[in-house]
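Some notes on the structure that comes next.
The values are calculated or read from the model by the stated rules, or taken from the named source; none is laboratory data. What you see is a predicted model, and the numbers here were worked out from it, not measured in a lab. Every residue, glycine as well, gets a Cβ built from its backbone with ideal geometry; the counts of neighbours run over all protein chains shown. Just the protein is used for accessible areas: all its heavy atoms, side chains included, with ligands, DNA and RNA removed. Shrake-Rupley method; radii C 1.70, N 1.55, O 1.52, S 1.80 Å.
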Amino acid sequence: MDGVEVASRVDGRTARAERTRAAIVEAHLALIGEGDLRPTGERIAERAGISLRTLWTNFKDMETLFEASGAEVLRQQDAAYRPIPTGLPLAKRVDAYCRQRARLLQLITPSARAAQMREPVSDQLHRNRLKHIDRVRDEVEELFAAELVLAGRGREQLLNALVAASMWPAWSMLRYGLNLGVDQARAVMTRTVGALLAEVAAD
């Protein structure tokens, strides 16, 4: 057996392993999306069309699966994300930002609801949430940089308030605590974010 054939077989095994892992993550997220917020390994394996042994060969435990599924959710968010021009007037930036946040929050709602149930006992789910927070914080800092400068010593407090208003716990309160529709919830978010920024823009 020459080196080319060996390399080909290795590449083939690697590709099959990647396809299997992708199928497991897809099955995990599909079950969550259908309302099974705590899918067992057995249900995930059945949905992926593999044996339970194959599942745990590819993922040593639920924490490693949470990591891979979290990365896939971030990838889906990245694919759906559209940059907002920073040169737009404040009102237009706020509107565009909140429309996009509402769309992305709806996208991650199934996985966020599932994570909320298990995060108290999962370090990986906590790390996943921190990645979402960091991304929103980075976006807010870039999109509303001028207003954050105007906040002076209150910059960090304003930044934290904007991030908190933009995250899934606030969205969950609007959608499932107050039972608002998507458009109504987005309008409340827009009012909140707009008010926070208008306060410093008016000074």
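Taking all protein chains together and a 1.4 Å probe, the residues 92, 60 rank 60, 92 from largest to smallest accessible area.
Each Lys or Arg adds one and each Asp or Glu subtracts one; over the other residues with Cβ under 15 Å from the Cβ of residue 145, this totals -3.
Think of each Lys and Arg Cβ as +1 and each Asp and Glu Cβ as -1; about the Cα centre, that makes the dipole of the chain roughly 360 debye.
Extension gain for residue 42-residue 86 works out to 11.1 nm (0.36 nm per residue, less the C-alpha to C-alpha distance).
Take every Cα pair under 8 Å whose residues are at least 6 apart in sequence, average their separation, divide by the length of the chain, and the relative contact order is 19 percent.
Only Cα pairs within less than 10 Å get springs; with that Gaussian network setup on the chain, which residue of 17, 96, 187 has the largest fluctuation? Result for the chain, Cα springs under 10 Å: 17 fluctuates most. Taking amide H as placed 1.01 Å from N in the peptide plane, residue 88 has no amide H partner under 5 Å among residues 5 or more places away or on another chain. Accessible area per residue for the stretch 81-180 is 54 Å², calculated with a 1.4 Å probe on protein heavy atoms, without ligands, DNA or RNA.
Here the stretch 58-203 has 55 percent of its accessible surface on carbon and sulfur atoms, given a 1.4 Å probe and all protein chains in place. With no solvent and one equal point scatterer placed on each C-alpha of the chain, evaluate the Debye formula and give log10 I(q)/I(0) for q = 0.16 Å⁻¹, two decimals. Calculated log10 I(q)/I(0) at the listed q: -1.03.
Think of it as helices only: each DSSP H run of n ≥ 4 in the chain is worth -39500 (n - 2.57), and spread over all residues that comes to -25500 deg cm²/dmol at 222 nm. Counted over the stretch 108-203 with a bin width of 5 Å, the fraction of Cα pairs per bin, in whole percents, is 2, 13, 20, 20, 18, 15, 9, 3, 1.
Pick from 114, 165, 80 the residue whose mean-square fluctuation is largest in a GNM of the chain, springs joining Cα atoms under 10 Å. Judging by the Gaussian network model, the answer is 80.
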